[in-house]
1. Rounded to whole Hz and in sequence order, give me ³J(HN,Hα) for the range 191-206 from the Karplus expression 6.51 cos²θ - 1.76 cosθ + 1.60, θ = phi - 60°, writing x for Gly and Pro.
2. Using every alpha carbon pair in the range 116-260, what percent of pairs falls into each 5 Å bin from 0 up to the bin containing the largest distance?
3. Can you give me the C-alpha center-to-center distance between the range 215-261 and the range 263-319, rounded to a whole angstrom?
4. Please compute one quarter of the surface area of the Cα convex hull for the range 124-182 and express it in square nanometres.
5. Give me the one-decimal nm value for the distance between modelled label points at Cys222 and Arg2, 7 Å along each residue's Cα-to-Cβ direction.
6. For a quick size check, give me the Cα extents of the range 148-189 along its three principal axes, largest first, whole Å.
7. Report, in listed order, any pair from Lys46/Lys296; Lys108/Lys296; Lys61/Lys141 with a Cα-Cα distance greater than 24 Å.
8. For the chain, what proportion of DSSP beta bridges, expressed in % and rounded to the nearest 5, is antiparallel?
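Readers should treat all values here as calculations from the given coordinates under stated rules, not as data from a laboratory. As the structure is a prediction and not an experimental result, all values here were calculated from the model. Cβ placement follows ideal geometry from the backbone for every residue including glycine, while neighbour counts extend to all protein chains displayed.
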Amino acid sequence: MRDSYDRSIDYLRVSVTDLCNLRCTYCMPEHGVEKADHSRIISVDKIEEIVKICADLGTRKVRLTGGEPLVRRGIIEICHRISAIPGIEELCITTNGILLKKYAHDLKLAGVDRLNVSLDTLDEEKYKKLTRCACSEHPIKQIFEGIEAAKKEGFGTIKINTVLLGGVNDDEIRSLVELTRDEDFQVRFIELMPIGEAKSWDKATFIPNSTVLEKVPELVPCGESGVAHLYNIPGYKGMVGLISPLSNHFCSTCNRLRLTADGKLKACLHSNKETSVIDLEGDALREAIINEIKNKPRNYDLSVSNPSSSDRNMNQIGG
């Protein structure tokens, strides 16, 4: 289905939970989030119903996010059901990787095609500080064990998502790029967005992705993949992706619709407009989805001085 600006809306991102086993500083409050009433969290049946309608309207790709999707009860069943829906060509999950070793086998059997693993630093102590993590003594080791388990299960190119934070991890850019030397990884640097917890952060934290090219000048352009501009170092096995929501807006090609864990549709990540669909069924649900797509805004001029209008933290939207 096309919106009013002739963009084909064929990508649905589903936040299956706003809970997480981490509390990343830019994603959620330090004290975490209050557990929502179970009746107001979207059910497995409702997720399946919405994805079926979206598939009928032209959705071809679904990404499951959170919070952390692997803490959602019934996540494997959700994957099974979505992967079996006619028209869905690709099912992906974005995870922090802490539970990936445990779930890699079941995710593959359930029809998950691709994995994105969020990892902002290779330094254990810095990781614990960034994520407020008390889940493991050696969390980064645990994440890479999960990645190895996923590779053994047959998952192809694994994308590693790194939010670029000035004064925090910009000194690790080359080390992160080096992950692509011998592995078929796509390390993707994502500019920090002024949304949720990060709205009030110091401007120096928001640095452009051009910093990556300055620090690793041997990177060579090699195409595009969705919103990522791809680069590699000749002779390296993997690639580097730059996703630049601040310095290089991509609203004109946005193909996404979002479903939150409490059953709201969002056509724009940064708009505060939402449509509740958790209690809708049949034709009413279909009409609400169509209207949300038709009313998708043309753009949002995101900048440090013009932050997101969304009233949610990132753990409630799923990025």
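1. Taking θ as phi minus 60°, the curve returns 5, 4, 9, x, 9, x, 4, 7, 4, 9, 5, 4, 4, 5, 6, 8 Hz for the range 191-206.
2. Result returned by the calculation: 2, 9, 17, 21, 20, 17, 10, 3, 0.
3. Answer, in whole Å: 23.
4. Taking a quarter of the hull surface, the average projection is 4.7 nm².
5. So the two model labels end up 3.4 nm from each other.
6. 37, 17, 13
7. Lys108/Lys296; Lys61/Lys141
8. Of all bridge pairs located within the chain, approximately 30 percent are antiparallel.
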